[in-house]
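Q: Attaching a single structure in C-alpha cells format; questions to follow.
The values are calculated or read from the model by the stated rules, or taken from the named source; none is laboratory data. Nothing here was measured: the structure is a model prediction, and the numbers come from that model. In this analysis, Cβ positions are derived from the backbone assuming ideal geometry, glycine residues included, and neighbour counts consider all displayed protein chains. SASA here: full protein model, heavy atoms, side chains in, ligands and nucleic acids out. Shrake-Rupley method; radii C 1.70, N 1.55, O 1.52, S 1.80 Å.
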Amino acid sequence: MDIKLVCDSLCDIPDEIEKKEYLEIIPLTLIMDGKEYKDGVDINKEEFYEIVLKSGEIPKTSQATYMQFKEVFDRNIKEDKIVLCLTGASAATGTYQSAMLAKDDTEGEVYVFDTGNLSLGAGQFVIRACEMIEEGKKIDEVIEGLNSIRDSVEILFAPASFDFLKKSGRVPLTTAIIGNMLNIKPIFKMKEGKISLEAKVRGIKKLVSKLVDLTLEKNSENLSNITVTIGHGCNLEDFQKLKKEVEEKLKGKVKNIMVTKGGVCICSHTGPDIIAISFSK
C-alpha cells in the first residue's frame, strides 16, 4: 500500500514540495471583508498579501472541517492508500481535532500527526515526511522519524513593523509605537503554536544577520544535518537580503536550503511584510 500524505494549509511548504503527487493540502477558510475564501483555492498568497495591505485589517480564519478531512480520507482509503495527515498545532487551532474526528469515523489506516507547530515550522514536518516516503520507509518508520525531529523544529520570524502585531494584541500599543519610531526590528519565535520574543535589533541589515546567526547558534552541534527553510511575504527586497545572508553563511554547511512564502496563519498576526527562517535536523 502506498502512503498518501495530507496536510492542512497551516503548513507553509516550498513549491517543489507542494507539487508532490502523493501530497494533498486541505485548505482553511479565510474571511476578509465579509467574504470567504478557501486558502490556496479561491485565493493565492500574493492576492492575500494585496488585500491585507489595502485594507489594513487582520483577516479571520476558520479551521478545516470534519467533512473536508472525511472526504479526503474516504477517497484515499478506497484507493487502497495508507493516509498520513499532518496538521498545524492543536494548541493553536481546532483543525487537528477535526482531523481526529474524521479519522475515528473512517475504516482504514489513517494516522493523524500533530506537528505542534505552524507555518514554516509545520512545513518542516511535511518536508521530512516527503523525504522518508521517497526513501521507501514504512508508515511506522515515517511517524517515528517525524517524532524524532520534534524537539529540533523551530521558526524565527520578523515583521517589517509592529502594526499588525499591535492590532492582533501580540504586543502592547506603547511597545509598537516606540518600536516603529526607533526602527527596532523584533525577532519572534513560534513554538507549540505560541509566539514569544526572541531578540531585538535595529535596522534590516542587523536583522537578517541576527536571523542567520541565531540559526547557527542553535544548531552548532549538528549543522550539517539540518534543513533550513527561508520564507517571505510581500517584502521581496528584505527577503533578498536574507537569502544572500543565508547563502553566504549556510550554503554548503547545512543539509538543504529551501524557500517558501508565509501563509495565512502567520501573516494574519504579523502582516504580509515578513521574513522568516525555520530549521530542523
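Q: Hey, rough spin-label estimate for Gln240 and Lys253, points 7 angstrom out along Cα→Cβ, what's it come to in nanometres?
A: Inter-label distance under the simple model: 2.4 nm.
Q: Based only on Cα atoms, what mean projected area does the convex hull of the range 112-161 have, in nm²?
A: Mean orientational projected area (the range 112-161, Cα hull): 4.0 nm².
Q: If you don't mind, another one. Could you tally up the Lys pairs in the range 1-60 with alpha carbons closer than 23 Å? Skip any pair fewer than 8 positions apart unless they're on separate chains.
A: Lysine pairs meeting both conditions in the range 1-60 amount to 14.
Q: Per 10 Å bin, what is the whole-percent P(r) computed from every C-alpha pair distance within the chain?
A: Histogramming the chain at 10 Å steps yields 7, 30, 35, 21, 6, 1 percent.
Q: Something else about it: Please compute the length gained on full extension between Glu144 and Ala91, using 0.36 nm multiplied by the number of residues separating them and subtracting their Cα-Cα distance.
A: Answer, rounded to one decimal: 16.9 nm.
Q: Once both labels are modelled 7 Å past Cα along the beta-carbon direction, what's the Lys60-Glu107 spacing in nm?
A: For the pair Lys60/Glu107, the computed spacing is 3.9 nm.
Q: Taking amide H positions as placed in the peptide plane 1.01 Å from N, state which residues far from Asp273 in sequence (5 or more) or on other chains have amide H under 5 Å from it.
A: The answer is Ala160, Cys234.
Q: For the chain, give the magnitude of the charge dipole about the Cα centre (Cβ charges: +1 Lys/Arg, -1 Asp/Glu; no others), in debye to the nearest 20.
A: Magnitude of the dipole: close to 1400 debye.
Q: Sorting check: for 117-124, 146-153, 18-25, 226-233, which peptide has the highest mean count of neighbouring beta carbons within 10 Å, and how do the rest follow?
A: The peptides rank, most packed first, as 117-124, 226-233, 146-153, 18-25.
Q: Pop out the carbon and sulfur fraction of the accessible area of the chain as a percent, whole number, probe 1.4 Å.
A: 48 percent
Q: If you don't mind, another one. Could you let me know the centre-to-centre spacing of the range 5-27 and the range 203-281, using Cα atoms, in angstrom?
A: Going from one Cα centre to the other spans 20 Å.
Q: To continue, here is another question. Of Asn44, Ser55, Ala92, which is farthest on the positive side of the dipole of the chain, counting Cα position, with +1 on Lys and Arg Cβ, -1 on Asp and Glu Cβ, and the Cα centre as origin?
A: Farthest along the dipole direction, towards plus: Ser55.
Q: Report the per residue volume, in Å³, of the convex hull enclosing the C-alpha atoms of the range 3-149.
A: Residue-normalised Cα hull volume stands at 109 Å³.
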